[in-house]
Amino acid sequence: MSARFEEIDWRPTAMGDISLRRRRDPASGADVYEVKLGDEFLMSSLFTAGEIALAELGLAKLQDAELDVVVGGLGLGYTAEAALDDPRVRSLTVIDTLAEVIDWHRRGLVPLGTRLTSDPRCRLVQGDFFAMAADSRGLDPMEPGRRFHAVLLDVDHSPRHVLHPRHAALYQPAGLRALAEHLHPNGVFALWSNDPPDEQFTSVLAEVFPQSAAHVVDFANPLQGGTSTNTVYVARTEPGPS
C-alpha cells in the first residue's frame, strides 16, 4: 500500500514552482496524482472526463482513415492516451512547455508515462505551444509547415483564465486564424475549458471557423459532491476542394 501522501517531485520553472504529488483517496483507497503550479492546482487524476472527452469529441468529427494529431499540453497524459485509443491515429505529437512534465512521463513517475513513451506513434516535444501556433513553421519542429488533421488543446483553465498573459492572443481571431493554418481542410481544433460555455469566445470561434460548437461534459465530483462540468469547444476548418 502506498503512503497516504507523497511529494514525488518538485522543481522551479520559468512559470513558477511545479510539483507532482500522490495521495491515497480515503473513500476508494486508490492513488490520486495531482500537479500544482505554485499554490494553484493544475490537474488531478481524480478528474479526467473532460480531458478524455477533448480527444473523443474532437476526433469524432473526422472521417479520415489515418490521422496526424497534435495535443497541446501533456499534463498527466489523459488526452494523449484517449487520442492513441483511436486506431486511426497514425502519429501523435504532444507539446508541453515544461521539460519537467515530459521527464515525469519518461521516468515513469505518472501512471500513463510508460503507455505514452512506449507507443511508437507518440512523440513528446518540449516547446511553447502558443509561440509555435503563431509561427508559420508550425507545430512540428522536425517538419516545418506540416499540417495536421486535429489540434487538441488543454493548457489554460479557459480562454478567459490563462496561465500566462502571452497565451491570451491565441483566443482572439488573429491567433485562431494562425492556428488554423496548421490544419488540413476539414481539420479540427478542439479546446478544453474549466468554465461554462463562453458566448464571447463562441463568437470568436464562429468568426474564424465555418463550423463550431460548445459541448458540456458532466462528471461526478466526489470532493464536492454532486456533478461538475467542463466545456469542450470543437471547430472545423473550411473543407477542401471536392
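Values in this text are rule-based calculations from the coordinates and carry no lab data. Since we're looking at a predicted model, the values are computed, not measured. Positions of Cβ are generated from backbone atoms using ideal geometry, with glycine treated the same way; all protein chains shown enter the neighbour counts.
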Query raised in the report: Looking at H105, Q172, A133, which one has the Cα that reaches farthest to the positive end of the dipole of the range 88-242 (charges on Cβ: Lys, Arg +1; Asp, Glu -1)?
Result: H105
Report task. Name the residue, out of S19, S28, S91, whose mean-square fluctuation peaks in a Gaussian network model built on the chain with Cα pairs under 10 Å. Result -> S28
Query raised in the report: Using modelled amide H (1.01 Å from N, peptide plane; none on Pro or chain starts), what sits under 5 Å from the amide H of H157, excluding residues fewer than 5 places away?
Result: L163
Report task. For the chain, give the magnitude of the charge dipole about the Cα centre (Cβ charges: +1 Lys/Arg, -1 Asp/Glu; no others), in debye to the nearest 20. Result -> 320
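Just for the chain, what percent of DSSP beta bridges are antiparallel, to the closest 5?
Approximately 65 percent, going by the DSSP bridge assignments.
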Report task. With an 8 Å cut-off on Cα pairs and a minimum separation of 6 or more residues, tell me the relative contact order of the range 34-144 in percent. Result -> 21
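What FRET efficiency would be calculated for the residue pair H161, R121, taking the C-beta separation as r and a Förster radius of 35 Å, to the nearest 0.05?
Numbers: r = 32 Å, r/R0 = 0.92.
With R0 = 35 Å, the Cβ-Cβ based efficiency is 0.65.
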Query raised in the report: Given the rule -39500 (n - 2.57) for each run of at least 4 DSSP H residues, summed and divided by the residues of the chain, what is its mean residue ellipticity at 222 nm, to the nearest 500 deg cm²/dmol?
Result: -6500 deg cm²/dmol
Report task. Among G225, T237, P144, pick out the residue whose Cα is farthest towards the positive end of the charge dipole of the chain, where Lys and Arg carry +1 and Asp and Glu carry -1 on C-beta, about the Cα centre. Result -> P144
Report task. Tabulate in residue order the Karplus-calculated ³J(HN,Hα) for the range 108-119, using 6.51 cos²θ - 1.76 cosθ + 1.60 with θ = phi - 60°, rounded to whole Hz; enter x for Gly and Pro. Result -> x, 7, 10, x, 9, x, 5, 4, 6, 6, 9, 7
